[in-house]
Amino acid sequence: MTENFKIKKIALFASGSGSNVQNIAEYFKNSDKIKVDCILSNKKDAHVLQRAKNLKIDSCVFNRDEFYNTEKILDFLVEREIDFVVLAGFLWLVPGYLIEHYKNKLINIHPALLPKYGGRGMYGMKVHEAVAASGDNETGITIHYVNEKYDEGDIIFQSKCAISKEDSPNSIANKVHTLEYEHFPKVIEKLVMEI
């Protein structure tokens, strides 16, 4: 390690329960290279904020106006010297000023094999219900860069799992969560160490 090595800081955005946030934070808890610096949410009652408190990680809540009509969130990230941004169950479209500032340093995870089952309104159980109804024999996860359209950024990584007619949306969700927990932190680590 060189003496001028600076620990890389990541910010996690989430809108809901935050199980991926928890998994990522625990993965990097003892890292001397990467730190989960803060957790941001657009919902003041999101369970992810309780997880942040339990994990002793700073959090920030913002509203639609602050996100889209000001640069308050960018100022917050810059002030904290955030190197990389991860969307982990965050449901809003990211505004251009953030995408531009974090070009190739802003990623999302989607609970299906994009380009299938992506786009506006396709999140959480809605995705798994669509997959179950489709008759497909596989599904999985897609980790991709974020651009100004839902789920259309360049794909970085995909992992698949087999499903059958017997699978319910819940059992599909469980299989997909297993892939998320296994792969998402490792992909983040690889990308962050390359910047």
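Read-outs throughout are calculated quantities, based only on the coordinates presented, and are distinct from any laboratory measurement. Just so you know, these numbers come straight off a predicted model, no measurement behind them. Cβ placement follows ideal geometry from the backbone for every residue including glycine, while neighbour counts extend to all protein chains displayed.
Structural remarks
- Calculated P(r) of segment 1-103 - Cα pairs past 21 Å, %: 32 percent
- Cross-link partners for residue 116 among the aspartates and glutamates, with Cα-Cα distance under 15 Å and sequence neighbours closer than 8 places in the same chain left out: 129, 136, 138, 151, 152, 154.
- Spin-label pair residue 166-residue 91: with each label point 7 Å from Cα along the Cα-Cβ axis, the two points sit 3.3 nm from one another.
- Entries in 56/103; 149/175; 6/44; 126/149; 53/165 that, when Cα-Cα distance is taken, lie over 30 Å: 6/44; 53/165
- At q = 0.15, 0.17, 0.18 Å⁻¹, base-10 log of I(q)/I(0) for the chain (Debye sum, equal scatterers on each alpha carbon): -0.90, -1.14, -1.27
- Ordered by the number of other Cβ atoms lying within 10 Å of each residue's own Cβ, fewest first, 183, 144 fall into the sequence 183, 144.
- Sorted by Cβ neighbour density within 10 Å, fewest at the top, the residues 164, 41, 31: 164, 31, 41
- Listed by Cβ neighbour count within 10 Å, with the fewest neighbours leading, 5, 62, 157 appear as 5, 157, 62.
- Restricting the calculation to Cα atoms, segment 100-195 yields a radius of gyration followed by a Dmax of 13.6, 45 Å.
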